[in-house]
Structure formats: structure tokens, C-alpha cells
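No lab work stands behind these numbers, since they all come straight from the coordinates. In this text, all values refer to a predicted model and were calculated from it rather than measured experimentally. In this analysis, Cβ positions are derived from the backbone assuming ideal geometry, glycine residues included, and neighbour counts consider all displayed protein chains.
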Amino acid sequence: MSIDFRPTEEQVMLRNVARSFATQVLQPLARELDALTDPWECFQRSKPAFTQMAAGELTASLIPTEYGGAGSSCVDLAIAAEELCRVEVGVPTTLLANGLALHPIITFGTPVQKERFLRLFAEDKTGDLLACFAFTDVEGGANFDSDDPNAGVRTFARLEGDTYVINGVKHFATNGSGWERKGVLGTTRTDLSRGAKDALSIIAVPGDTSGIRVGKIENKIGLRLTVQPEVIFEDVRVPHENLIGAEGDGIPIITGAFGWTAALIGAACVGVMRAAFEYVLDFARSARWLGSEAIINHQIVGYTLADIKMRIEACRYLT
Ligand SMILES: Cc1cc2nc3c(=O)[nH]c(=O)nc-3n(C[C@H](O)[C@H](O)[C@H](O)COP(=O)(O)OP(=O)(O)OC[C@H]3O[C@@H](n4cnc5c(N)ncnc54)[C@H](O)[C@@H]3O)c2cc1C
């Protein structure tokens, strides 16, 4: 059976809308904000662009229609991600992190949790709400699924009656500060004596719950219009009903959510590769270093560029 790679009429429209938003809104903003030295100021000043995305229902596009969203397919989102990230990656990352944090609720949430959290985000046309999936601990990241109870996520949720009491420190938590230094969905270990398979659990924690503190804001060399703060949990109390799925469902929830974003990050990377290619192509067409010929007319340059272009196209379809 052959696969039809041609976009539908709606997808072509979506691509055009994303392309013009990227060039008209994100491009000038990126030029201005990339030059700022304070990462927090950089993030804060990207908010008007994010608000425009929310008003244009991009946040809602991630959410199923039955909870007020647009229920866009992963292919639709990948088309938009490529166009946006061709110009600027930070603001789309803020949006993607919303999706990363809502994905566990979409896939493992109860109807009550979905109604409570998803509808809130679907109806937010201001962009004020940010969701964060804070899973990476200061002491454990890539090894989150380890069977060793002493490795991986150390943030611990202790059950007292029907309340979880959470303590630990997360970092690199995209959106973890919210716009106002509050955000969060946390990955915790619910039993310190058992490995991830039994004890890794996801708990929804509203950002204004007392005991949450935002620590250091990562000062990155790139991706400056998105924020990756440290998030500190000190005796944060949330009801048992905020548990997403069951205790020990952490591994499938995390791999599902990151599997979903991985495809979109793939599309985002195609966008970045396209931007780099367009820059180099332009240069090769105008630079005349080896005489009167534009360097693109030298076989080695032309062939190299054709090779790169072929790989970028392949990456798009493999995404
Ligand atoms: C821009 C950005 C945004 C991010 N957003 C989020 C977010 O929203 N939420 C969130 O929770 N996290 C986020 N992260 C963090 C990211 O998910 C982690 O960096 C990632 O999970 C890896 O964890 P780590 O940095 O602790 O690396 P480490 O766990 O220190 O791993 C580093 C390297 O060592 C290898 N390694 C680790 N343990 C072992 C082992 N036992 N054996 C062999 N090799 C090993 C790993 O494979 C990896 O190559 C973000 C990171 C970035 C850069």
C-alpha cells in the first residue's frame, strides 16, 4: 500500500497561516529578544507572541474536541511546528511544553481530571496558562526508568490519609515558572524502596499550591524565548484524586508523552535545518570567491547542497 504524502487543503492553509505568523510576529521578536542577557526578561517579553498563538487556538489545537479543543492530528501539529521553528524555536517550545504536560492527562486522566484541566486550557484564549511536565530531577533524568530504587527520580510523594505530600527538586522544567513564576505537573516516586516500574507516578499539582518555589532560571546559549527553571517542592500537599493513572504508571506515561513530543521536535528540527539550508543556499548563490562564478556553480558546492537538501526532505517524511 502506498502512502500519500501530499498535504490536504486544510493542511496547506495551516502551513500558510503558521508561515506568515512566523515571519510577521516571531522573526522581529527573536531578533530583538535574542540580544537580551537576562533569560527571565527574554521569556517574559515573548508573552505577546504566545498570547497571539493562544488567541489563534493553537493551544486548543492540542486538546480533544470533547474537552473544547480542536483535536488536531500529530501531522497537522508537525506541519505547524516546522514552519514556526524555521524562524524561531523558543515560543513554539512553550506551546509544545503545554502539550507535553497535558498529554498524560489526555491519555491517562479520569473524565473528571480531563474536564478540570483540559477544558481550562482549551478555553484559555489569553495564553496566561502554562502547563509543565516537571519530570527531570536534579539527581535523575535519562535514568528515570531504572529498576534501582536509588537511581532516577528522587522527588518523593508520601501518602498521608488521602493527601500526597511532595518533596524534591526538579530542573530544566520547561514552563515550570509559568509567566508569573508558578506552573506544574510533577513526576514523583511514591515509594522510595521500589524501582521506577512500581513506584514512578505522575501527580497534577496546580501551580499556586503552597510549597512550590521556582529556583534558578537556566541561562541557555540558544532557545532563549522559552524558560527552563528549577522547581522546588517543599511539603507540597495535593489530594490523592490528582494522581494521573495509577501509582507506578510513570514509565508508560512519560514514554507516551515524550514519544509524542519527539515527533514534533523532529518536525521542529526540520524547520531549523531548512532555515540553515536557505541561508547557505543564498550565500552560495551570491558569493564569488573563486573568480566571477557564484560558488554554487562549482560542482562540489552544488552537489553538497543537493545532498543536504535531500537529507532534509528525508527527515521531514521520516518525522
Ligand atoms: C531545552 C530543554 C527543555 C527541557 N524540558 C524539560 C521539561 O519540560 N521537563 C522535564 O522534566 N525535563 C526537561 N528537560 C530535561 C531533559 O528531559 C533531560 O535533560 C533529559 O531527560 C536527560 O536527563 P539529564 O539531563 O539528567 O541527563 P543525564 O541523566 O545526566 O544523562 C546524560 C547522558 O548520560 C547517559 N546516561 C545516564 N544514565 C546512564 C546510565 N545509567 N548508563 C549509561 N548512560 C547513562 C544518558 O543517556 C545521556 O546521554 C529539558 C531539557 C532541555 C535541554
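Worth pointing out:
- With neighbour counts taken as other beta-carbon atoms within 10 Å, the residues D307, D145 rank, fewest first, as D307, D145.
- In whole percents, the pair-distance distribution calculated for the chain from its alpha-carbon pairs, binned every 20 Å from zero, is 30, 53, 15, 2, 0.
- Magnitude of the charge dipole for the range 133-252, about its Cα centre and with charges confined to Cβ atoms of Lys, Arg (+1) and Asp, Glu (-1), is about 540 debye.
- Cut-off 19 Å (backbone N to label point 7 Å along Cα→Cβ of I3), residues of the range 262-278: 262-271
- Relative exposure of K309, K170, judged by other C-beta atoms within 10 Å (fewest first): K309, K170
- For the residue pairs K216/K309; K170/K309; K125/K170, alpha carbon separations beyond 32 Å are given by K216/K309; K170/K309.
- Length released on extending from T163 to H298, taking residue separation times 0.36 nm less the Cα-Cα span: 41.7 nm
- Considering only beta bridges that DSSP places wholly inside the range 133-252, some 90 percent are antiparallel.
- Selected from I3, A55, M13, residue furthest toward positive end of dipole (the chain; charges at beta carbon): M13
- Farthest toward the positive end of the dipole of the chain, out of V238, G207, C74, is the Cα of C74, where the dipole comes from beta carbon charges about the Cα centre.
- From least to most packed, judged by other beta carbons within 10 angstrom and beginning with the fewest, K114, K220 follow the order K220, K114.
- Direction-averaged projected area, Cα convex hull, the range 133-252: 7.1 nm², rounded to one decimal.
- You can think of it this way: the chain between S146 and A263 has 39.7 nm of extra reach, that is 0.36 nm per residue less the Cα-Cα gap.
- Extreme residue, positive dipole direction of the range 133-252, given options L225, G195, T174 (C-beta unit charges): L225
- Working note: Cα atoms of the range 56-97, range along each principal axis, descending, whole Å: 32, 18, 17.
- Full extension of the chain between D38 and T209 yields a length gain of 58.9 nm, computed as 0.36 nm times the residue separation minus the alpha carbon distance.
- Expected 222 nm ellipticity per residue - DSSP helices of 4 or more, -39500 (n - 2.57), all of the chain, to 500: -13000 deg cm²/dmol
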